Amino acid sequence: MARVGDPDQIESKRKALITLLSYSILRERVGDHRMTDAFLGVVRVPNVGKFMVQSITNLLGEAGPDFPNRAMALMSPHVDWWYQGLNANTVTRWAEAALAVPYTEEVGRSVVDTLLQIATKGYLQQFIPVSMWAWLKK
């Protein structure tokens, strides 16, 4: 396992982490949250979000009744929101995912963290739905 302070070792595990993300989303879609929780333990390591952003962004582009809203709400603070490929659709899907999840303290922290990250990105800020700002009061 890569150490927290060694981004090069973490980067070398990129393909394995992307595979783990895919599997955790598959399990999340059938109601098993254990793999998502395990994956969240990995993406909380500094610098992991920088290379996971494309995979998570692709998932945010999906739609459907089995969309992993909980996973996206919890993973979103770990996305590198400074990534140039993010756009209005990404922010809109993130907001939809966050609003579709029952409120818990963990979800609330993740949503507010992401909200503030997006707000610092000038061109994305305009796409934040007004209803998302109410999360600051929860």
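A short reminder: the numbers here are calculations on the coordinates, not readings from a lab. All values derive from a computational prediction rather than experimental measurement. Backbone-built Cβ (ideal geometry, glycine too); neighbour counts: all protein chains shown.
Taking the average, over residues, of other Cβ atoms within 10 Å as the packing measure, peptides 119-127, 96-104 rank 96-104, 119-127 from highest down.
Modelled spin labels at ARG109 and TRP82, positioned 7 Å past Cα toward Cβ, are 2.4 nm from each other.
For the stretch 28-38, putting each phi into the Karplus relation 6.51 cos²θ - 1.76 cosθ + 1.60 with θ = phi - 60° gives couplings of 4, 5, 9, x, 9, 8, 5, 5, 4, 4, 5 Hz, in residue order, rounded to whole numbers and with x for Gly and Pro. For an R0 of 22 angstrom, estimate the FRET efficiency from the Cβ-Cβ distance between ALA134 and THR92 and round to the nearest 0.05. So, using R0 = 22 Å, E works out to roughly 0.85.
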